[in-house]
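Notes to accompany the following structure.
The values are calculated or read from the model by the stated rules, or taken from the named source; none is laboratory data. Remember, predicted model here, so these are calculated numbers, not experimental data. Note that we place each Cβ from the backbone using ideal geometry, even for glycine, and neighbour counts take in every protein chain shown.
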Amino acid sequence: MERNLQSGERLRPVDLARAHGLSTQAIRNYEAAGILPAAARTPHGYRTYTPLHAAALRAFLALLPGHGHQTASAIMQAVNRDAVDEAFRLIDESHAQLLDDRRTLQAVENALRDLEPTMVAKRGAGPEPVAVSGSGAGPGSGSGGTFIGPLAGKLGIRPATLRKWERAGLVRPRRDPLTGYRVYDEADVRDARLAHQLRRGGHLLEQIAPLIAQVRAAGGLEPLEGALRDWRGRLSDRARAMLTGAAELEAYLRDRG
């Protein structure tokens, strides 16, 4: 537990380190990086710190969970060189990123809600019907899958769009060994529907690809619900951590005068 420090008290690196379970080398590294203000030196060359350094360390450690090491470091460096507006800009960017992450989560949740009735109906109806020929589909069946033309028609998009999504890794159709045509199985149709919903929500292909990968890793939509709950919890934890970091940073700014 940190000691109650008096304003004129001089501290050794070990005093700061012990208060937070850190090594003295970490304290020296933080000072060298500009996260802590420069320490005074004794006539023998030993570093001495003050309660202001302790406040800086508290602020930095409080900023870490919400902003990450790189941004928290940059915030403290800006404050310590009296570029407070730069520090505030960095904080604003972190909050903007958090908001963007929340919007992405909401978009995924909305897309899953839109997909759920369709997927439930498909499970009740049995396997995907064998495709008939259509625009871009080619002749013959997909051995229980769907060709590109009929799938594009169901989604209200062009076959070229599905080919573009394939290049981006959003769908992974197999090829019919006899005809070479793309064949989309049930998981591919699910991924295409999810990609379509997210694209309608304004998300870019490079933003959608990792989300589709999460669906595949989870084994479908239902297991992904748990991952989304965890994601939501992490965003809430990050928001709370940002509040804690802001309070400690404000205390440090007051101490700096």
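Just one residue in the set 152, 241, 160, 195 is surrounded by fewer than 15 Cβ atoms within 10 Å (Cβ to Cβ) and either among the aliphatic types (A, V, I, L, M) or part of a helix (DSSP H, G or I) (or both); that residue is 160. Would you say residue 157 is under 30 Å from residue 67 (Cβ atoms) and β-branched (Val, Ile, Thr)? So residue 157 fails the test.
Pairs meeting the criteria (first residue in segment 145-173 and assigned by TED's automatic domain parsing to the domain that holds residue 197 and under 14 Å from residue 213 (Cα atoms), second residue buried (at least 17 other Cβ atoms within 10 Å of the Cβ) and hydroxyl-bearing (Ser, Thr, Tyr), beta carbons under 7 Å, at least 6 apart or on different chains) are 171/184. The single condition among (1) without any contact (Cβ under 8 Å) to a residue 60 or more places away in the chain; (2) closer than 22 Å to residue 209 by Cβ that residue 70 does not satisfy is (2).
Out of the residues in segment 1-26 meeting the condition of being touching a strand residue (DSSP E or B) at 6+ places or on another chain (Cβ under 8 Å) and closer than 17 Å to residue 252 by Cβ, tell me which one is modelled with the highest pLDDT. Out of the qualifying residues, it is 16. The residues on offer are 89, 18, 58, 28, and the sole one that is assigned to a helix (DSSP H, G or I) and touching a residue at least 24 places away in the same chain (Cβ under 8 Å) is 58.
Applying the criterion of being of a type in the set (D, E, K, R) and outside any helix (DSSP H, G or I) to the residues of segment 175-192, the residue that is nearest to residue 109 (Cα to Cα) is 185.
Restricting attention to segment 27-74, the residues that are hydroxyl-bearing (Ser, Thr, Tyr) and over 18 Å from residue 248 (Cβ atoms) total 3.
Just a yes or no: is a residue in segment 197-205 at pLDDT 85 or above and of a type in the set (D, E, K, R)? No - not one qualifying residue is present in segment 197-205.
Would you confirm whether or not segment 225-244 contains a residue that is among the acidic types (Asp, Glu) and at pLDDT below 85? So far as segment 225-244 goes, yes, one or more of its residues are among the acidic types (Asp, Glu) and at pLDDT below 85. The residues of segment 15-32 that are closer than 18 Å to residue 71 by Cα, under 29 Å from the mean Cα position of the chain (by Cα) and surrounded by fewer than 15 Cβ atoms within 10 Å (Cβ to Cβ) amount to a single one, 29.
Here 255, 191 are screened, and the one residue that is under 30 Å from residue 55 (Cβ atoms) and acidic (Asp, Glu) is 255. Within segment 123-134, is even one residue at pLDDT 50 or above, assigned by TED's automatic domain parsing to the domain that holds residue 203 and of a type in the set (Lys, Arg)? No: zero hits.
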